[in-house]
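The values are calculated or read from the model by the stated rules, or taken from the named source; none is laboratory data. Values in this document were obtained by computation on a predicted structure and should not be read as measured data. Ligands, DNA and RNA are stripped out before the accessible areas are found, and what is left, the full protein with its side chains, is counted by its heavy atoms. Shrake-Rupley method; radii C 1.70, N 1.55, O 1.52, S 1.80 Å.
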Amino acid sequence: MGGKYRITGDRYPRMRRPRHRRRIALTLVASACALGLATWGTLQLIDVFGGRSNTAHAAQGERHCPAGAKTAAAPAGNAARKLPAPGTLTVNVFNATPRSGLAKRTADELEKRGFKIGKVGNAPAAYDKKVKGAGILLGPAAADGPMKVLSAQLAGAPRKTDARKGADLDLIIGDAFKALTAQKDAAKSLALLTPPSPSPSADAKC
């Protein structure tokens, strides 16, 4: 070139690279970072809400399950509280009053209700004509369950224990005796003393 704009010397102006390439690179890096943060935040939200849902579901399941249904087997104490059936008990019926035939009639009624009958007759000398109430129930010290079953048949009769070796129970009829407790009332009393069985439907839910 000549004239006013003639270039002289051995140095030439350097041409700078366009700045738009640098902006594109920065934009891509920023976009990658933003996408990573968004993905991480989404995963955190899924974990939080997923954990709450599982916890709520577990809590709801516990509310529907009774406490006793969580165990695979009933505690050993339930077996001890279970009352024996009348057919497993032998009852001796003794009459401590001057009225004749009272022991036989009472024994027959107990037999109709499923009890086994042992001895029937007059009361021993220690109780003969000395029982002022409706009657007394006698049995061994370890016969709490059987005594409860028999006492349902004669409401209000006191229970006593002695040193007998056998498992038989004694019903000694007293002066105030009129009749055994009505059979339907005795059955209600036994039902109240019997622990309820666990519900099968409740076990299935757990």
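Averaged over its residues, the range 102-157 has an accessible area of 50 Å² per residue, based on protein heavy atoms and a 1.4 Å probe. Using the structure shown, select from Lys130/Lys184; Lys82/Lys160; Lys116/Lys148; Lys82/Lys165; Lys112/Lys160; Lys82/Lys178 the pairs with a Cα to Cα distance greater than 27 angstrom. Among Lys130/Lys184; Lys82/Lys160; Lys116/Lys148; Lys82/Lys165; Lys112/Lys160; Lys82/Lys178, the Cα-Cα distance tops 27 Å for Lys130/Lys184; Lys82/Lys178.
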